[in-house]
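To keep things clear, I will list the structure first and then write my remarks on it.
The values are calculated or read from the model by the stated rules, or taken from the named source; none is laboratory data. Remember, it's a predicted structure, so these values are computed and weren't measured experimentally. Neighbour counts are summed over all protein chains in view; Cβ atoms, including those assigned to glycine, are modelled from backbone coordinates with ideal geometry. Keep in mind that these areas ignore ligands, DNA and RNA; they rest on the heavy atoms of the full protein, side chains included. Shrake-Rupley method; radii C 1.70, N 1.55, O 1.52, S 1.80 Å.
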Amino acid sequence: MTRTLYACIYAAEFPAQTLVRLRPELRAEPVAVLDGIAPEETVCSINAHARRRGADIHLTKLEAEAIAGLHLLRRSIAGESAARTVFLECAANFSPRIEDVSTGTACACVLDIAGTESLFGPPDKLTQRIRTAMLSAAFHTSIAVSENFHCARLKAAHARGVSLVPAGEEAGALASLPIQALHLDEDSTETFALWGIRSLGQLAVLPQHELVARCGQQATAWRELAMGVYAHTFQPIGPAFQLSEFCEFETPIEQIDSLIFVGARMLECLVARASVRALSLASLTAEMTLEGGKVHRCVLRPALPSTDRKFLLKLLQLEIAAHPPQAAVIAFVLSAEAGQSSQVQLGLFAPQTPEPSRLDVTMARLKNLVGEDRVGSAVLLDAHAPENFRMKNFGLDNTATAPAAAHPRWTLRRLRPPVPLRVTLESSLPVSFRDRDKRYAVKEAFGPWTTSGCWWSMGRWNVEEWDVLAETDLGAPIACLLVFDRQKKDWRLEAYYD
């Protein structure tokens, strides 16, 4: 039979770790997390620095405020949910079979690591790699490895660092754990206290028949748990891969620089998570919850998927500066869509081309200067109105198109703004026109082509277009497009033919 082997990853005081992981400035400070409704708030989670200062669970807010230097933060359930997703996603990099065993304020999972030696090495090396990966995601964890599921779970929850339990030594590894590790009901805990049973080692040596006679059949499971031999049916979960980070602020943020400072850490986490799966960030969505309940959203779509944190952070900064929130921000969600990085093989003697990231940053800066509707590439609209196009963001299309057949063609060069003209007509045909001091004689005139539309709106038009071949006084030929606006009763030079 295939040998079973489990590794339990245990993150204690998860509410405090959730609030600190995106705030590097608080990692070396004492932090306590408050939960409940004012004024009955109590401390539900603390970090190690706060414990050294004398803080403890279930302190009231008033008692916690009396501890010097203690940072009090409000619990964020939404933030814990997002951090739990990151925690399980990080664990999934080492085994596809994961069971969530979180209890209370701790986040924990058990990995089935049987057969992973060829990928990650023996258990001692695997646990170090897991702990390093968790630290890179800003989670402080303890890890235990055992052939018994519950032995690994109990040992990780009550030991610090990495614990490797050899086969057959489960009872000895659990002997020093307190009886409270089994989470018994109040009556059973009181009974064992009266008997003087305070550790799992003392419970494991009790006679089974006498124990069952006094406590019932459930005592068999307690004794097997204490001995590290209790059987378990593994119930794996499938954590979804979702690139999202959440941060809820204690006080509303009004300065964009402060918001970008938090966003930089969130973006760093997203890039690291995507890079583990050999993916890049194809788009970013920044969703800000404002005071009053409104939601402000900014969307970034780089020309190419990227994992360049500095480049993406600059785009985020320019986008938020161009579309700032209209009120103070109380919560910030940064999510991303994953994409594949495109690799381009350059020729040996081909000149180096600019990086696509430079184009994105340049476009973002130009939009801030001249407006979003004036930067990008032109897209024709399905309408007959003049200036019938809109601007869209630049993007790379991977679809190959066949080159068009080469043949001579005319190019229309638009004048913006159009040049006003004075036109002389004979028999309703233009025979000459004057542009300021220059006079042109019309040799050929083709038209008129009349267009009109949108009579129901302020953008209605009614114009005549003429294609004209003309000569200057010096005999220089030109080909141009003349337009007569029937609403304004004026002529203008719209374009030249090249």
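Would you be able to say whether some residue in region 98-108 is buried (at least 17 other Cβ atoms within 10 Å of the Cβ) and more than 27 Å from the chain's Cα centre (by Cα)?
Within region 98-108, not a single residue is buried (at least 17 other Cβ atoms within 10 Å of the Cβ) and more than 27 Å from the chain's Cα centre (by Cα).
Return the pairs, sorted by first residue and then second, in which the second residue is surrounded by 17 or more Cβ atoms within 10 Å (Cβ to Cβ) and part of a strand (DSSP E or B), the first residue lies in region 89-118 and is at positive phi and touching a residue at least 12 places away in the same chain (Cβ under 8 Å), the beta carbons are less than 6 Å apart, and the residues are 6+ apart or on different chains.
Going by the 6 Å Cβ cut-off, there are no qualifying pairs.
Where in region 266-342 are the strands (runs of 3 or more DSSP E), entirely inside, with at least 2 residues that are of a type in the set (Phe, Trp, Tyr) and closer than 24 Å to residue 83 by Cα?
Passing ranges: none, list empty.
Filter region 79-116 down to the residues that are assigned to a helix (DSSP H, G or I) and of a type in the set (A, V, I, L, M) and list them by number. Break it down into steps so the answer makes sense when it comes.
Within region 79-116, the subset assigned to a helix (DSSP H, G or I) is 79-91.
Correct list: 82, 83, 86, 88, 91.
Considering only residues of region 119-130 that are open to solvent by less than 30 Å² (accessible area, probe 1.4 Å) and at negative phi, which is nearest to the chain's Cα centre (by Cα)?
Step by step, filter region 119-130, then rank; the result is 130.
Which residue, of 246, 192, is surrounded by 14 or more Cβ atoms within 10 Å (Cβ to Cβ), among the aromatic types (Phe, Trp, Tyr) and within 30 Å of residue 86 (Cα to Cα)? Give the derivation first.
Numbers: 192 fails: within 30 Å of residue 86 (Cα to Cα).
On inspection, the qualifying residue turns out to be 246.
Residues of region 28-72 being among the charged types (D, E, K, R), closer than 16 Å to residue 15 by Cα and out of contact with any strand residue (DSSP E or B) (no Cβ under 8 Å at 6 or more places or on another chain), which ones?
Here is the first cut: in region 28-72, the residues among the charged types (D, E, K, R) are 29, 35, 40-41, 51-53, 56, 61, 63, 65.
If we keep only those that are closer than 16 Å to residue 15 by Cα as well, we get 29, 35, 41, 51, 56.
51 - this is the single residue of region 28-72 that is among the charged types (D, E, K, R), closer than 16 Å to residue 15 by Cα and out of contact with any strand residue (DSSP E or B) (no Cβ under 8 Å at 6 or more places or on another chain).
Residue-by-condition table, conditions (1) aliphatic (A, V, I, L, M); (2) farther than 21 Å from residue 236 by Cβ:
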site: 120; (1), (2): no, no
site: 126; (1), (2): yes, no
site: 129; (1), (2): no, no
site: 140; (1), (2): no, yes
site: 147; (1), (2): no, no
site: 152; (1), (2): yes, no
site: 157; (1), (2): yes, no
site: 160; (1), (2): no, yes
site: 165; (1), (2): yes, yes
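Does region 61-77 include one or more residues that are among the polar types (S, T, N, Q) and open to solvent by less than 40 Å² (accessible area, probe 1.4 Å)?
Scanning region 61-77 turns up at least one residue that is among the polar types (S, T, N, Q) and open to solvent by less than 40 Å² (accessible area, probe 1.4 Å).
Could you please find all residues in region 131-184 being open to solvent by less than 40 Å² (accessible area, probe 1.4 Å), touching a Phe, Trp or Tyr at 6+ places or on another chain (Cβ under 8 Å) and assigned to a loop (DSSP other than H, G, I, E, B)?
Selection gives 137, 139, 141, 148, 184.
Give all pairs with beta carbons closer than 9 Å in which a residue from region 284-310 that is over 19 Å from residue 376 (Cβ atoms) and open to solvent by 80 Å² or more (accessible area, probe 1.4 Å) meets a residue that is among the charged types (D, E, K, R) and outside any helix (DSSP H, G or I); count only pairs at least 6 apart in sequence or on separate chains.
Matching pairs, first to second residue: 295/287; 297/287.
Among the residues of region 29-51, how many are surrounded by fewer than 22 Cβ atoms within 10 Å (Cβ to Cβ), closer than 13 Å to residue 19 by Cβ and hydrophobic (A, V, I, L, M, F, W, C)?
2
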